[in-house]
1. Pick from 73, 49, 32: which is under 22 Å from the mean Cα position of the chain (by Cα) and surrounded by fewer than 19 Cβ atoms within 10 Å (Cβ to Cβ)?
2. Test of understanding: among 247, 177, which residue is within 18 Å of residue 100 (Cβ to Cβ), touching a residue at least 60 places away in the same chain (Cβ under 8 Å) and crowded, with 21+ Cβ neighbours inside 10 Å?
3. Restricting the search to the stretch 3-29, which residues are touching a helix residue (DSSP H, G or I) at 6+ places or on another chain (Cβ under 7 Å) and under 30 Å from residue 58 (Cα atoms)?
4. What is the number of the single condition among (1) modelled with pLDDT of 95 or more; (2) within 16 Å of the chain's Cα centre (by Cα); (3) on the phi > 0 side of the Ramachandran plot that residue 93 does not meet?
5. Can you name the condition, by its number, that residue 214 falls short on among (1) free of Cβ contacts under 8 Å to residues at least 40 places away in the same chain; (2) over 27 Å from residue 152 (Cα atoms)?
6. Could you please give the count of residues in the stretch 22-34 that are assigned to a helix (DSSP H, G or I) and modelled with pLDDT under 80?
7. Give 46, 19 a once-over and let me know the one that is farther than 30 Å from residue 228 by Cβ, assigned to a helix (DSSP H, G or I) and in contact (Cβ under 8 Å) with a residue 24 or more places away in the chain.
């Protein structure tokens, strides 16, 4: 698999080869920009496509024949929306993983407790979920994740092990913080696009066509179309023989350190 280290080695090799050729048959120095352009495209792809595993391997689905899929919800907890999602999960006897933002927890401690008490798991989605989170220094990034962890420990007595990077963006700093904190990074195989979807019928059709054993579905607590559609999504999956479970159940790992 092509990754950051291999891409750097390829860039170095190509530059060295071009340097040798330049000494024997000079050509425009502008050509030296071409390898950097290709390298930059690869790095951009690696940063913004979480399934690429470019900087660190991130689990996005499970290879299994068992008809299980994982429901995941980002950006909560939200007093109204998360509670309504929990009602639907309880009604349909499904479990899920909630990747929570730390700064949304104060004032919603009871919602966080309910998530845990009803058998769902809680993952770290950072404390700040800052727009430029991936540009934080490693030290600032680590403190951000620890701040989220500490809140969950104070409320539930458990430290989250599951981590989903804000916006799904990775880079060398995110990789190092994941490794240093001994987190289990989680991506997705089905991105519902519920933050931008407008038409419920098209939204549901996209989800239904993505059903497959081992899939990890990404939704958001804050999305109104998710609230409108979640029960239909679950019932449609159940009619096909699927069960919806938490990420740790699907991957057979521990949710807390």
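1. Numbers: 73 fails: surrounded by fewer than 19 Cβ atoms within 10 Å (Cβ to Cβ); 32 fails: under 22 Å from the mean Cα position of the chain (by Cα).
Matching residue, one of 73, 49, 32: 49.
2. None of the others qualify; the one that does is 247.
3. 4, 7, 11, 14
4. The one condition residue 93 does not meet is (2).
5. (1)
6. Going through the stretch 22-34 one residue at a time, the tally reaches 7.
7. On the way: 19 fails: in contact (Cβ under 8 Å) with a residue 24 or more places away in the chain.
None of the others qualify; the one that does is 46.
Listed here are the residues, each with its yes/no results for (1) at pLDDT 95 or above; (2) over 23 Å from residue 244 (Cα atoms); (3) out of contact with any helix residue (DSSP H, G or I) (no Cβ under 9 Å at 6 or more places or on another chain); (4) surrounded by fewer than 20 Cβ atoms within 10 Å (Cβ to Cβ).
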residue: 87; (1), (2), (3), (4): yes, no, yes, yes
residue: 112; (1), (2), (3), (4): yes, no, no, no
residue: 149; (1), (2), (3), (4): yes, yes, no, no
residue: 152; (1), (2), (3), (4): yes, yes, no, no
residue: 162; (1), (2), (3), (4): yes, no, no, no
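The values are calculated or read from the model by the stated rules, or taken from the named source; none is laboratory data. Everything quoted here is computed from the prediction, not taken from an experiment. All Cβ positions, glycine included, derive from the backbone under ideal geometry; neighbour counts span all protein chains shown.
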